[in-house]
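The values are calculated or read from the model by the stated rules, or taken from the named source; none is laboratory data. The model shown is predicted, which means the values in this text are computed figures rather than measured ones. All Cβ positions, even for glycine, are placed from backbone atoms using ideal geometry, and neighbour counts span all protein chains on display.
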Amino acid sequence: MSGKSMKVNAMLNGIKTMMSILFPLITFPYATRVLQVENLGKVNFSSSVISYFTLLAALGVSTYAIREGSGDKYDKNKIDVFVSQVFTINVISTIVAYFSLFFILLVTPILQEYKVLLLIQSSTIIFNTIGIEWVFSIYEDYAYLTIRSLIFQVISMLMLFILVKDTDDYYLYAMITVFSTVGSNLLNFMYSRKYCKVKLTRKLNLKKHLKPILIIFSTSIATIIYVNSDLTMLGIMVGDYAVGLYSVSTKVYSVIKTVLSAVIIVSVPRLSFYLSSNMRNNYTYLVTKIFNSMTLLIFPTVVGINLLYNQIVMSISGSNYMEATISLRILSIALVFSTFASFTTAAILLPMKREKYILIATIISALVNVLLNLLLIPIFHQNGAALTTALAELLVLLITFYHAREIVRIDEAGKNIVTSIVGCLAMILVSFILKLFVVNMIVYTFLTIICSISVYLMVLLFLKNNLALEVLNGIKNKFNN
């Protein structure tokens, strides 16, 4: 087994995730104020369209490769053949995606206004394929991924502040966004030689790879429908202004969701390795720790959003976007469902090769989401889109939990949920008391954050939450050493 520590991997991936958060937190407020609501809506609408073709090119390869490659990563001959086969399949799907995009552009009049933006953002398709980032996830090389991402995000941030100056610069903003997201993938292909040889091959072994890849791909299609159809349908049914407002809510939602999912993502290669090596006790222990960590993080996060939603929107986007507060609060509830759904899918069903249940859950959720969008978006606009997302995430959670409930037993799950809820009630009480005595909004916000975190941790320790005590003892040992 690799000597790489799960704690080090989690820390490195946490740094990478934090940078992916800090970058939009710094740049997005600037972009919202410079571009204004309508032009920001144009960029995000075209991005939502491109996401479908990016998905077609990706073809579920990354998820499949991480799961299957983790078991063979110490056999040089096997991994070279496996990586080349999967990469070649990915190249073919990328070519198909580009042909599909150009055809849709030719036959769809409504997209002509966004043609330049779509072509700019379509570069993400080829960059994602060349990047083969899944190789580094297989080998758990989060140090390289973290350093690489940090460098390109800093460069992109400087480019944004230097080049984007007025509302008509949204094409430049789209280019910089693409560069920050996948520009670093240009380095990946060369650096991947450290681990394996990547080349195009005629021996694809489709009999082995195609079925699981297509199942995961179908799941991804359904997922992208209920995640991105909101923006796409908002743009078509209501207009760019509503998309601009909803983009603020979804930005906060996606950033927090990324953070909360970081522990799960970094654990998938290790979970797959444990199962392929018949180390079931190690697998159960790690899954239990992930679930309990998610529990202690998600509930206070949701409460925090609902205590400070006005301040969040104001600080990120300014007073022009205050209509986004309701959709943000709705999406905060969706975070609970999506976090635990990510756990059941990525940590249990996928490593256990039960992706067909994930497919069933996402297809049902996608259909429900689209139908509800047709009903609710014309009436409630961005708030209706947020509500349909929350319901879709709930459906995925219910269905996947049903199929995962007997696979692995989570110790102390109920105790962690109860202690977390008690801690959240203490956070609400503290916020209420502060609001009675603190008038200045900036001071109130600062004190609410500090006091809420403090009282939440104190409640966990007072109720003798094992995970909190373990963290505290770890910190004590560090200081003692």
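Apart from one condition, Thr362 fits all of (1) in contact (Cβ under 8 Å) with a residue 12 or more places away in the chain; (2) surrounded by fewer than 18 Cβ atoms within 10 Å (Cβ to Cβ); (3) hydroxyl-bearing (Ser, Thr, Tyr); the exception is (2).
A quick yes/no check of all residues on (1) within 19 Å of Ser51 (Cα to Cα); (2) surrounded by fewer than 21 Cβ atoms within 10 Å (Cβ to Cβ); (3) more than 27 Å from the chain's Cα centre (by Cα); (4) among the aromatic types (Phe, Trp, Tyr):
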{"site": "Val107", "(1), (2), (3), (4)": "yes, yes, yes, no"}
{"site": "Ser123", "(1), (2), (3), (4)": "yes, yes, no, no"}
{"site": "Ile130", "(1), (2), (3), (4)": "yes, yes, no, no"}
{"site": "Tyr142", "(1), (2), (3), (4)": "no, no, no, yes"}
{"site": "Thr146", "(1), (2), (3), (4)": "no, yes, no, no"}
{"site": "Ile162", "(1), (2), (3), (4)": "no, yes, yes, no"}
{"site": "Asp166", "(1), (2), (3), (4)": "no, yes, yes, no"}
{"site": "Ala174", "(1), (2), (3), (4)": "yes, no, no, no"}
{"site": "Lys197", "(1), (2), (3), (4)": "no, yes, yes, no"}
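Kindly indicate whether any position in the range 456-479 is out of contact with any Asp or Glu (no Cβ under 9 Å at 6 or more places or on another chain), among the charged types (D, E, K, R) and outside any helix (DSSP H, G or I). Yes, the range 456-479 has at least one match.
Those helices (runs of 4 or more DSSP H) of the range 45-158 in which at least 3 residues are of a type in the set (D, E, K, R), considering only elements entirely within it, cover 76-107.
Given the options Ile236, Ile298, Ile264, name the one that is more than 13 Å from Ala347 (Cα to Cα), in a helix (DSSP H, G or I), assigned by TED's automatic domain parsing to the domain that holds Arg329 and under 21 Å from the mean Cα position of the chain (by Cα). Of Ile236, Ile298, Ile264, the one residue that is more than 13 Å from Ala347 (Cα to Cα), in a helix (DSSP H, G or I), assigned by TED's automatic domain parsing to the domain that holds Arg329 and under 21 Å from the mean Cα position of the chain (by Cα) is Ile298. Filter the range 159-211 down to the residues that are of a type in the set (Val, Ile, Thr) and either within 15 Å of Ser122 (Cα to Cα) or assigned to a helix (DSSP H, G or I) (or both) and list them by number. If the condition is that a residue be of a type in the set (Val, Ile, Thr) and either within 15 Å of Ser122 (Cα to Cα) or assigned to a helix (DSSP H, G or I) (or both), then Ile162, Ile176, Thr177, Val178, Thr181, Val182 are the ones that fit.
Considering Ile120, Ile95, Ile110, the condition of being more than 17 Å from Ser137 (Cβ to Cβ), in the same structural domain as Tyr142 (by TED's automatic domain parsing) and without any contact (Cβ under 8 Å) to a residue 12 or more places away in the chain is satisfied by Ile95 alone. Within the range 467-481, the set of residues being within 28 Å of the chain's Cα centre (by Cα) and either more than 19 Å from Val302 (Cβ to Cβ) or surrounded by fewer than 17 Cβ atoms within 10 Å (Cβ to Cβ) (or both) comprises Glu470, Val471.
Summed over the range 92-105, the residues that are small (Gly, Ala, Ser) and buried (at least 18 other Cβ atoms within 10 Å of the Cβ) give a count of 2.
Hey, any hits in the range 335-349 for a residue that's within 22 Å of Val243 (Cα to Cα), touching a Leu at 6+ places or on another chain (Cβ under 8 Å) and not hydroxyl-bearing (Ser, Thr, Tyr)? Yes, there is a match, as at least one residue in the range 335-349 is within 22 Å of Val243 (Cα to Cα), touching a Leu at 6+ places or on another chain (Cβ under 8 Å) and not hydroxyl-bearing (Ser, Thr, Tyr).
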